[in-house]
Amino acid sequence: VDILFRDTGVGLTPQQAAKVFEPFQSDFEGGTGLGLAIAYQILQAHRGTIRAESTGRGCVFHIEMPLLAHAPSLKIPAATVHG
């Protein structure tokens, strides 16, 4: 399963993108820098991956998760959520 999260913010520098999943890498006031580090660990524990890509005008987070081997073959439609 592929999931993309896209925003239109300021994006990430290459240096930020390289460290965004390391603990305590927050540039937000009051942020702990643990959210993406925890998400990374959870995805790895489930044999998934997450990566960040700066698009110049925002950022895209790519999440990939393997399907269960015993799950029935289901066609899951793509969805776009705004909010």
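The values are calculated or read from the model by the stated rules, or taken from the named source; none is laboratory data. None of the values given here were measured: they were computed from a predicted structure. Backbone-built Cβ (ideal geometry, glycine too); neighbour counts: all protein chains shown. Heads up: the accessible areas ignore ligands, DNA and RNA and are worked out on the full protein's heavy atoms, side chains in. Shrake-Rupley method; radii C 1.70, N 1.55, O 1.52, S 1.80 Å.
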Requested in this report: Please enumerate the residues belonging to segment 11-31 that are surrounded by 12 or more Cβ atoms within 10 Å (Cβ to Cβ), out of contact with any helix residue (DSSP H, G or I) (no Cβ under 7 Å at 6 or more places or on another chain) and more than 27 Å from ALA78 (Cβ to Cβ).
Outcome: GLN16, ALA18, LYS19, SER26
Report task. Identify, by number, the condition in (1) of a type in the set (Phe, Trp, Tyr); (2) modelled with pLDDT of 80 or more; (3) open to solvent by 100 Å² or more (accessible area, probe 1.4 Å) that PHE61 doesn't meet. Result -> (3)
Query raised in the report: Within segment 32-54, which residues are in a loop (DSSP other than H, G, I, E, B) and either open to solvent by 70 Å² or more (accessible area, probe 1.4 Å) or modelled with pLDDT under 80 (or both)?
Result: THR32, HIS46, ARG47
